[in-house]
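For reference, the structure discussed in these notes is given below.
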Amino acid sequence: MKTFFLQLFTIACAVASLTGQSAEAVIEKTGTLHYENTDDFRNQWRVTCPAAEENTSRWVVAADERDGKVLRAGRRGNASAPFEFRVYSPTRQEITVFDVSRAGSLRTYTDFRLVDGPRRPIEAIRVTLALVSPDGSNSYTACVYANNDMLNKSSLRIDKLNFNSGELEHGKYKDNILFTKLDNSLKQENWYRFEFTMTRKNATERSPVNLTVCVYELENGQKGGKRGKLLKSATADLMPNLGKYVQFGMIGYTTAPYCLYTDNFGAENSIEAVETVKAKKDKTDAPISETTKNLINSMMNRRHEYKKGSGNIVLAQDGKEQAVIVISPTAPAPVRFAAQELEFFLNKLTGARFKTVSEIPAGGSAIILGDTPEARKAGIDVQKIVRDGFQIIAQDNKILIAGKDDSSARSEVLFKLATLPDDHRRHPGLEPHEWTFERGTLYGVYQFIEMLGVRWFMPGPKGLVIPEEKNLQIPAFSMLEEPTFSERRISPRWWEDSRLFSRYSKGPPVDPIKVFDDLQFTHKANIVWVLRMKGSSMIYPLNHRPPNNQFEERFGKTHPEYFSLWRGKRDLKSEGHTGRTGELCYSSEGMYQETIKDVDAFFAGKPASERGLTSHYYSSNQGWAPAANYGKMVSMLPHDVYKPCECDKCKGKIAYNRGQGQMSELVWNFVARVAEHVEKRWPGHMVSCLAYSSYVALPLTLERLPDNVVVGICPSGVYLQNPEKYKAVFDLAKSWKTMSNAPMAFWSPLLSRWTRNIDLYAVPMQIPHFHKKLIKDLSGYGRIMFLEMEADNYVFEHLNRYIIMKLLYNPDLDVDLLIDDYCRKFYGPAADIMRGVISDIEKRCNLIGVEDVPRWKIWSSPDMFGPEVMKNYRAGMNDAENLVKETKYAEPVRLFSTHFIGYMEQGFNAFQAIAEGAKERTRLAQTRRNMQMTIPFVGDRKQMLSLPLMGASDYPDFQGSSVELGYDNKFLYLKLIAFENKLKDLKADCKDDKGPVWSDDCFEVMLAPPDSRSYYQIVVNGNGACQVLLHMGDGNRDKLIKPENFKVKVTPRIAYDESIWDVEMEIPLAQFPQEYFTAPWRFNVFRSRYLNSANACQGSGIYLTELNFHKFDEYPKLIFGGK
């Protein structure tokens, strides 16, 4: 049988009509009909009805093409034969395509009757009405649907799906929009009306639609009766329109041997028959200022030009300088610092002593820096060069390098670098917002220095490559470079981020400070590296506005109505909400006005304190948080929470069933309104907002955004090499690009290891060619890039970072040339070996980056990083180290061998240890499942039986536990021992038996008397809080009893010096009948380890293979031995 949906739309039309009365009689009598195939069924159950009148607005199935009435029956077994019909025109005898480009409603409907089989209640049935795009690629379907006892437990649902992709297959609906239970029972033999209505809001291109589904009784329950009592209706608001044209269809489906009758299938069009309704003129149609247009054009139109000249310019000969560096006596700080850097590197390169002077000498060569008369005479106009760009002209005996440079005191921070401590602490002068000054000439000088052969592959002296060139000359050329991306930012950039120090839950921890010390990597060294890599000199705010602008602190008490009404209370800590609070009500006029006042104050240059904000340490930004307010841009990104406001004004604008578009109408209309104000009051200034969380999808009630809105998307780097996910990113970018002419922004987390997939601990993601493709493709849409990158191992990421920074400046660079240059200059004689290793790692990373590859496969597969591969890498490193012994290349090779391949080996070895642990767990599982153990009759506690608990999985930092067992004439004794190396973080919140003890770090003792499926569950934590529950053995864990007479004594102990907590337990035996002690009991002990920190949940037990403590039939058996 063909795939279900392919059949839906390819059923042949020209099948002879039969009355099917004999078959109907059979099914009416027996409840079932056996048939051999679908065609056989259809031929038996065709019943015709006349076509509709030509003059009505109702379309039905044409008599000679389709049935007006359909009977449906299942055959023997579980097979089923769905049917499908389209609405046909009564005159043209073809499927009707409805024009829905205007405002109004369309309705499709059918009458149906259910017939129950004689053997058991109806198991599954579906009556579906479909609103379908002409090509079948998109549709909304509404159905009466249920499993199990259809007549009494019915439901209505609306789904969005692709009819051509298999999503309609039974049980596999993928995008449920609405689901509601049908309150009234449906009666057998009665007829009902099922209706599905689409109402289009207005006539704009992307007008939203409302979808309503209804079930009615027909009068007297008779076929052909008028529509009677409404049983249920439900509406899904603010759904995307399917396009200008749609078709209607009906689908029926049941599970054998039950019947579904349908009749009176058709559609009505109440789309207004007048001219297209003029939609309310979108407020974003207001003209954009020339200032804003010029800003957009300057960001999108970037130049990378290079032209060869004739001749050479000699800079040094036999270690003697042949040129001077020339700067103006009044040169700004970036030019003076550029001269200092150039002098340093020229001296290192040649061994000469270059000098910086203020006048051009009469003879010899000169390197002239900055916006000077000589530069202007040569045709360099720095006012026409964008920020961070530069122009170099090297001709005759002069080299001119110039770009825009800051002349204020702010740029003097360049000279503070030398005075800052070279350590791992945060210091004033190291904050990103203190480095937002123009320095085009400095970046031109760094480009020139690189052209001389200098490289800075990573921060610090160990990443610096300076060749020796006693005779230094450069061919004549001219170049103009402007960065393709205005923001070129990588995070964690300043390394004070706590994520750098986070511990992974797999394998051995990484000590970043130890690694940094080995690399001689410091905060100051990193800033110097960012400068030399021509990092962006401007911050483009993209972060969450409510917390950065302290809305809750300023207005929480005085204006709670500014905040989201969430679960009956405003989203404020003072109202009892926890976690991230302060989400806004985007319908609040007062909140909007305060936002506008903030924006106006910031753009006017007023200090944040005038608006009641605490300045923190943002002195260079007038106290405003740069993450949300900087330069000529403000961010309107909502708080990083999902708390849609439930107030009356917001509620109707939230599309709860629209997935990533639930809050799009609220958020983006607010952004548009703010942007309109900014464009009128502050031309040339921008407003940003990420398409993020519940407002990723385009708003349906906005045709466009103002062109001063920078829309950002967040293309996650996890499995982005997967072609489908990659395409989805650019489909999203294409759709948002239609909303605003402003260049887009990208917040891209290129994270594969950090909390995204813990199983990828120590697995590299070295994918420079993929980064080239991603950055180049994104450059077609935007100019602002913020990249989150891994923070666990800098050597793992140093080549990625180096190449990415290069590509953000110029995405057209050749990655292969960059890697070849890196290997040749950094590793010298070992270049070929290192190039081979790096290329091989990239090839395998591309396989891992496509999908969620399990850890065992990564470290065992020959296509990934299996044993032979790791063995070959180590052999390659040994060969490379031998080739570079006692050379300047030895240290770079050692760093790669130790911190790259060595880190991979840590991950590989950790996996091997876990694999061995898995073997031991398998052995224990085989031994302990249903094992029989005899507990001793003890005279003292030293004679008790001791059993270690086994982990349910390969937990990192697994903390062992054990149980000791024994008994005497009065008590069953248990000592429960929990080892814990983080005892100060022990979770033991419950102090008595009133709270959820099982939510703490706790033991759970399961005790079942002989020949009983009922068992006691005794839960105890480190405080001695104890709860006893009785499971009745019927499998229903919702029906638990607290036995009133069960007695147990517990004595807790927390021993910090021993790193354990334990509980001694005494259970009186007299509370059980004497005969219980002559037969085996079911018994198990579990520990749930919980700490007041992340990644600490572990489960262990005497027998436990998965986190299910109630697999009663697998419990070990306990025998009371001795007396």
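For a Förster distance of 60 Å, can you work out the FRET efficiency between the beta-carbons of TYR306 and ILE596, rounded to the nearest 0.05?
Numbers: r = 47 Å, r/R0 = 0.78.
It comes out at approximately 0.80.
Phi angles of the stretch 659-665 translate, via the Karplus equation with coefficients 6.51, -1.76, 1.60 and θ = phi - 60°, into HN-Hα couplings of x, 7, x, 4, 9, 4, 5 Hz per residue; Gly and Pro are given as x. Computed from the C-beta positions of ARG580 and ALA378, the FRET efficiency with R₀ = 56 Å rounds to 0.50. Of the trypsin sites (Lys or Arg not before Pro) found in the stretch 828-918, those in coil by DSSP whose Cβ has at most 16 other Cβ atoms within 10 Å are LYS885, LYS888.
By the count of neighbouring beta-carbon atoms within 10 Å, fewest first, MET870, MET198, MET591 end up ordered MET870, MET591, MET198.
Filter the trypsin sites (Lys or Arg not before Pro) in the stretch 965-1005 to those in DSSP coil with at most 16 other Cβ atoms within 10 Å of their Cβ, and list the result.
On the way: sites: LYS970, LYS975, LYS982, LYS984, LYS987, LYS991, LYS994; in loops: LYS970, LYS982, LYS987, LYS991, LYS994.
Passing both the DSSP loop test and the Cβ count: LYS970, LYS982, LYS991, LYS994.
Given labels modelled 7 Å from the Cα in the Cβ direction, how far is it in nm from ALA1070 to SER946? Distance between label points: 3.2 nm. Pairs from the list LYS201/LYS643; LYS606/LYS649; LYS348/LYS534; LYS416/LYS462 with a Cα-Cα gap above 24 Å: LYS201/LYS643; LYS606/LYS649. Distance between the 7 Å Cα→Cβ label points at SER619 and ASP840: 5.4 nm. Just check the stretch 539-700 against the gyration tensor rule for me: Cα atoms, a ≥ b ≥ c as the square roots of the eigenvalues, rounded for a/c under 1.5, and otherwise prolate or oblate depending on whether a/b exceeds b/c. It is oblate, given that a/c is not under 1.5 and a/b is not larger than b/c. The calculated FRET efficiency for LYS1049 paired with LYS348, based on their beta-carbon distance and R0 = 56 Å, is about 0.10.
Need the full-extension length gain, ASP814 to LYS187, defined as separation in residues times 0.36 nm minus the C-alpha distance. One decimal, nm.
Numbers: separation 627, 0.36 × 627 = 225.72 nm, distance 7.16 nm.
Between ASP814 and LYS187, full extension yields an extra 218.6 nm.
Which of the pairs LYS181/LYS651; LYS975/LYS1117; LYS994/LYS1049; LYS384/LYS825; LYS377/LYS632; LYS651/LYS734 have their Cα atoms more than 24 Å apart in this structure? Walk me through the numbers before you get to the answer.
Numbers: LYS181/LYS651 22 Å; LYS975/LYS1117 18 Å; LYS994/LYS1049 17 Å; LYS384/LYS825 35 Å; LYS377/LYS632 32 Å; LYS651/LYS734 29 Å.
Beyond 24 Å: LYS384/LYS825; LYS377/LYS632; LYS651/LYS734.
Exposure proxy ranking for ASP1057, ASP388, based on other Cβ atoms within 10 angstrom of each Cβ and starting from the fewest, stands as ASP1057, ASP388.
The simple spin-label model puts a point 7 Å past each Cα toward its Cβ; for ASN210 and SER358 those points are separated by 7.7 nm.
For the stretch 850-928, lysine pairs with C-alpha atoms less than 24 angstrom apart, excluding pairs fewer than eight positions apart on the same chain, total 4.
Can you list which of the chymotrypsin sites (Phe, Trp or Tyr not before Pro) found in the stretch 763-827 are DSSP loop residues with at most 12 other C-beta atoms within 10 Å? If you can, show how the numbers build up before the last one.
Details: sites: PHE770, TYR781, PHE786, TYR794, PHE796, TYR802, TYR809, TYR822, PHE826, TYR827; in loops: TYR781.
Here no chymotrypsin sites (Phe, Trp or Tyr not before Pro) fit, given the DSSP loop and packing criteria.
One chain, two ends: ARG923 and ASN202. Fully extended at 0.36 nm per residue, the span grows by 252.8 nm beyond their Cα-Cα distance. Stretching the chain fully between GLU891 and GLU290 yields a gain of 210.9 nm (0.36 nm per residue, less the alpha carbon separation).
Coordinate-derived values only; no laboratory data. The structure presented is a predicted model; accordingly, all values stated were derived computationally and were not measured. Backbone-built Cβ (ideal geometry, glycine too); neighbour counts: all protein chains shown.
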